[in-house]
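Read through the structure below, which is laid out as structure tokens, and then see the notes.
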Amino acid sequence: MSNIFTSTLKKAYILYKRDMLIFKSNIRANLVRTILFPLIILIFFSNIGAVAHNVPVGVVDLANNANSYKFMQSLYASEGGLFTVSTIPSISQGMAEVTSGQVSLLLILNPNVGTVSTSTGILAYYSSPDASTVDGILPTISSVAEEYYSGIGSKGIIPLNAKPSAPDTEFVPTLTSGLSTDYEDFLVGGVIALVAVFGTLFGGGFTLITDKQLGNLKALLITPLNRTSVMLGKTIYTLTMSVISTALVIVISLFFGTTILMGFVGVIWIFILVLMLTLGFTGISLIMATRVKKPEIYAIFTQTIALPLWFLSGAFFPAASMPAWMRAISTVNPMTYAVDGIRDVMITGSYPLSTALPQIGILAIFAVIMLGLAIKLFKVQIA
Amino acid sequence: MNDRMPKDIIVVSGLIKRFGSFTAVDGIDLRIKEGEIFGLLGPNGAGKTTTINMILGLIDPTTGTITIDGFNILKHREVIKEKMGLMTQETVVDGDLTAKQNLEIIAELYDMKGKDKDHAVDNALEEARLSEFRNAKAGSFSGGMQRRLNLVKSMIHNPSILVLDEPTTGLDVQNRVDMWDRIRKLNKNGVTIILTTQYLEEADSLCNRLAIIDHGKIKALGTPAELKKMVSEGNVIDISLRFEDIEKAANAIRKNLGVDVKITADRISISAGKEDVKQLSKMVALLEKEKIPIIAASMHLPTLDDVFIKLTGSTIRDALGEQQSNASKVMWRR
């Protein structure tokens, strides 16, 4: 039994070595191909000032007096398609809506709003994935506040990261947010996930299908070789590819001025998340490769799966801005959890185990299901 | 057992393979002797490749048994894999790897290591006359060089049985003759060879015995000479005619001379038996009388082509195109 096990591993390693030798023989072209994609996305998209429309803003009016009423009227008057204001009865509900993405910005009007001496008259809360959206509307809201309550001044609105104590309320802030973020920082997390997934689709599965087409697979299978070795070899090869491409994207984004708030530990977390995501998609790519005959068809199928999943993962734009049915898909999309995790590590600067374990757990379940199916289907295919 | 009598190294009995409702191999019995060159002929889709894939252990039979050197293929897959080598119709080398790397990978998969492996790889490179190109990428080699590399790659573990699936398809004349020499040399060294080919003259000159397969069944089995005898004791007469005259000429000959006439694209052929010369002159006279112009008339000993036409009703090339796509679909879909 253990004999079969070690021999499977050994053969898998030989096959892995073969794929790596092929990769190395064209190393320059392969690396350029890996770099080009994230580079283009970062260059073209990171400079988009996220233009926001109808950003949902929730207001909890704890003051409920003449001043707050006037402020609200002013706020309604200045919406102008940029944002839409709604009132929310309680702070806890407001925080829940920020967390779930129903509102992007939560304003809390303290009871003392409008009295001259306070600096915490209005508190603004938002969660980190919405940071770039909120950046677009904060100036307008600030100016409304300043215009109306001339005595409050610019300190009237404080971003959440300042962690204000809120003496007048029962509410204790539980969300944490990083330094001021821009779209580029927001995007990098998504690009890492995307490059990892695309690297996966053009990793083991793609080489398997070309091996099949060129007859190499048959030549390998007539040697004393356990079929699981083939799957294992391709999987290890794919993991290697995704580690290489992730490392490259991280280096490139550092050049672009992105910071990883959690530093070196953060990089390790990113690699763990990417590897877990890669495992699941390796399964998908191997299933595709055993079902499909031609590389072109394979490429079409896999991209049809991967691109929507990427869009629905909140990689490109915040999940908050999606309609409800899309948000529902995004909660069952494994890529969402990888992107969220990477973004927590990079932007929020904190990735507690209570967040990490469920996210990585979901990715692990996804991986086990997909790889299990791949091994099963491969046996049926040629055995 | 008489030790001059070679033993049966491959015994196939009652072999059936179905893919869904399609029966690719329909009850094949074969005994291949140790040390012979055995040919499998037949149009693509006839069941040759499926039979070979089962002998190689790549796919399992629906029913029937295959034993190789006394080992049942289903029970002793690993043992059998060590004994068998395969070179396919497509040249299978990794173009991005060097000749040496190509060989090393396969040697390692056959559990060779250290000096054994280096020795085997060096020998193979020498054998393929590629020693000086050992560190060049195989993709830069000419077709013939790649084919030689392919052959030594499938022989790196010294198999006692080598399966050659259309080994010379696509090779130029020099390389084809070179490949024939290599196959004969391997055979002389004791390797049993199973060969499929679409070149009937190749089968004729290489094979000790051959089987013609069509629609999953063996239509004929024997030495090339035995098979040719099936067609005609004497010469075969071919008469080339204008397309529009063929039907008329065939009917006239059938009616007046009472012989069996086969029609192919541009000619009629008749197995003439012993009185071949007399028959030919009779036919020429008859066609002249009927005012049917003869483009050419010839007499030759039967070839495997004639055997093939007699058994499958078409020439091997006619059958190629239409069945090829079916064959490959069946292979991978399942």
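Every read-out reported here was derived from the displayed coordinates using simple, explicitly stated rules and does not represent laboratory data. As the structure is a computational prediction, the values presented were derived from the model and not from experiment. Heads up, the Cβs are rebuilt from the backbone with ideal geometry, glycines too, and the neighbour counts pull from every protein chain shown.
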Defining a contact as two alpha carbons under 8 Å apart and six or more residues distant in sequence, what relative contact order in percent does chain B show? 20
Here, A:K10 and A:S86, labelled 7 Å along Cα→Cβ, have an inter-label distance in nm of 6.5
Amide hydrogen neighbours beyond the local backbone of B:R129, cut-off 5 Å, H modeled: none
If R0 = 45 Å, then A:Y69 and A:L261, at their Cβ-Cβ distance, give a FRET efficiency to the nearest 0.05 of 0.65
Alpha carbon centre of region A:239-285 versus region B:60-99: separation in Å? 41
Residue-wise, which Karplus ³J(HN,Hα) couplings in Hz belong to region A:189-197, taking 6.51 cos²θ - 1.76 cosθ + 1.60, θ = phi - 60°, and x for glycine or proline? x, x, 5, 4, 5, 5, 5, 4, 5
What FRET efficiency comes out for B:N123 versus B:T62 if R0 is 51 angstrom and r is the Cβ-Cβ distance? Round to the nearest 0.05. 0.80
Placed amide H near B:K7: partners under 5 Å, 5+ positions off or other chain: B:E34
If you average the sequence gap of Cα pairs under 8 Å that are 6 or more apart and divide by the length of region A:254-354, what percent do you get for the contact order? 41
Test item: Cα-centred dipole of region B:233-301, Lys/Arg +1 and Asp/Glu -1 on Cβ, debye: 180
Long-range amide H contacts for B:I213: which residues qualify at under 5 Å (H placed 1.01 Å from N, peptide plane, sequence gap of 5 or more or a different chain)? B:L41, B:G42, B:K219
Extension reserve of the A:L31-A:L307 stretch, reckoned as 0.36 nm per residue once the Cα distance is removed: 97.2 nm
